[in-house]
Amino acid sequence: MARTGKDKDSRIGVLIVDDSTVVREAMRYAVESDPELFVAGLAANGREAIEKTRSLEPDVIAMDFHMPDMNGIQATRQIMQETPTPIVIVSGLLDPKEASANFMALDAGALALLEKPRFIGAEQQQALGEIVKTLKLMSEVTVIRRRPGKEEQPKIQPGPARRDIHAGKRGPFSLVAIGASTGGPQAISRILSLLPADFSLPILIVQHIAPGFLQGLIHWLNAQTPLEVETALHGKRPLPGHVYFAPDGAHLGVGRGNVMLLSDAAPENNLRPSVSHLFRSVANVLGDKGVGVLLTGMGSDGAAELGAMHGKGALTVGQSEESCIVFGMPRAARDAGATDLMLSLDDIATMLITAHNNTKSS
């Protein structure tokens, strides 16, 4: 009898979906090397993935993107409509415009996007280790059934916030700094999609993401928001209503004159770019003119530095637990007393619109 995701010994059952036998076997080895996991099943395409999800009831799925017969987006969409299961997309690097299609799987209900192992020594082991870690984490996320078709969300219009900004922190503001990790692309997409085209504050973002996927993310986000989304450039002054991401392998910060500064300084919290670097620079340069937002993600990157922004009088916000895929970074900030508010994604968008309105009227 096949062992299912609801295995008696409480280990996490993983369904591995990939059209490459080599990749399936490498991932099988990595999964079986972890005592908390077991391989519930293997599938070579999206249709097999749907069938085996029904029969095996895995706790989590590692889903390839490009496969014959049915790709990862189509399979993810049908699984989330019929048998909702946490899904991690594992994809190779592609042309940026084509790579943006990977992020459409997040719209379909996938929780995370990771790079496929390259099978080159230490790089292979590092990629497989990241996949295993993410599968374990995502197996704990409660997912909900998706209705057929993309549901349209009501757009927030500029106006009074449903919640008041903390007394004494009503602006004017100069810049919004956002930090995110696991689950960040979905959260950022939701927030940006609700902001008006005339949003007056520049937005700087550090998103933890596998090298090579950033341009695909930017291309995808540009289709979700009326704002201009791009990669930050060293020495450039950020423009109102533009969104700037830290590039692969470089810290992003703010310097005198509000210019963006890129740095190859040592990683912080084992990360480069790090949210900590961005928030610290905003605290030091902008003081109470900054807005800091810490979104879903593992670990504590940015939590202490959001506290530094808070101490300088900036408006500081964490994503609420119920709206996070991973309530790690926002929890660390909340527990450190670094946040003025803990808000859902829609309320964060509303708060930013209010900050925008207060800045325009000042």
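Of the listed peptides 324-333, 242-251, what is their order by residue-averaged count of other C-beta atoms within 10 Å, with the highest listed first?
The most tightly packed comes first, giving 324-333, 242-251.
Quick one: putting +1 on the C-beta of Lys and Arg, -1 on the C-beta of Asp and Glu, what dipole do you get for the chain around its Cα centre, in Debye to the nearest 20?
So the dipole magnitude of the chain works out to roughly 880 debye.
Hey, can you grab everything whose amide H is under 5 Å from the amide H of residue 242? Only 5+ residues off in sequence or another chain; H modelled, so Pro and N-termini drop out.
Correct list: 203.
Net charge near residue 313, counting Lys/Arg +1 and Asp/Glu -1 over other residues with Cβ under 13 Å of its Cβ?
Here the count lands on +2.
Quickly work out the residue 256-to-residue 223 label distance, labels modelled 7 Å from Cα along the C-beta direction, and quote it in nm with one decimal.
About 4.4 nm separates the two model spin labels.
If the chain between residue 32 and residue 336 were fully stretched, how many nm would it gain, using 0.36 nm times the residue separation less the Cα-Cα distance?
Going from the current span to full extension adds 105.7 nm.
Find out how many positive minus negative residues lie around residue 78, taking Lys and Arg as positive, Asp and Glu as negative, among other residues whose Cβ is under 10 Å from that of residue 78.
Once positives and negatives cancel, what remains is +2.
What percent does the relative contact order of the chain come to when contacts are Cα pairs within less than 8 Å and at least six residues apart?
Once normalised by length, the contact order is 14 percent.
How long is the gain from residue 265 to residue 69 if the chain were fully straight, where each residue apart is worth 0.36 nm and the alpha carbon distance is subtracted?
66.0 nm
Quick one: helix 345-361 against the long Cα principal axis of the chain, what's the angle to the nearest 10°, folded into 0 to 90?
So the helix axis and the longest Cα principal axis differ by about 20 degrees.
State in Å² the accessible area per residue of the chain; use a 1.4 Å probe, count heavy atoms of protein chains only, and round to the nearest integer.
Per residue, the chain has an accessible area of 42 Å².
222 nm [θ] for the chain, helices only, -39500 (n - 2.57) per DSSP H run of 4+, per residue, to 500?
My calculation for the chain gives -11000 deg cm²/dmol from helical runs alone.
Could you tell me what percent of the accessible area of region 8-78 is made up of carbon and sulfur, with a 1.4 Å probe and every protein chain present?
46 percent
Whenever you get a sec, compute what percent of the accessible area on region 215-313 sits on carbon and sulfur atoms (1.4 Å probe).
52 percent
Which one, 83, 53, 350, has the greatest fluctuation when you compute a Gaussian network model over the chain with C-alpha springs under 10 angstrom?
Among 83, 53, 350, the largest GNM mean-square fluctuation belongs to 83.
The values are calculated or read from the model by the stated rules, or taken from the named source; none is laboratory data. Nothing here was measured: the structure is a model prediction, and the numbers come from that model. Cβ: placed from backbone, ideal geometry, glycine included. Neighbour counts: every protein chain shown. Each accessible area value is taken on the protein alone, full model and side chains, heavy atoms only, with ligands, DNA and RNA left out. Shrake-Rupley method; radii C 1.70, N 1.55, O 1.52, S 1.80 Å.
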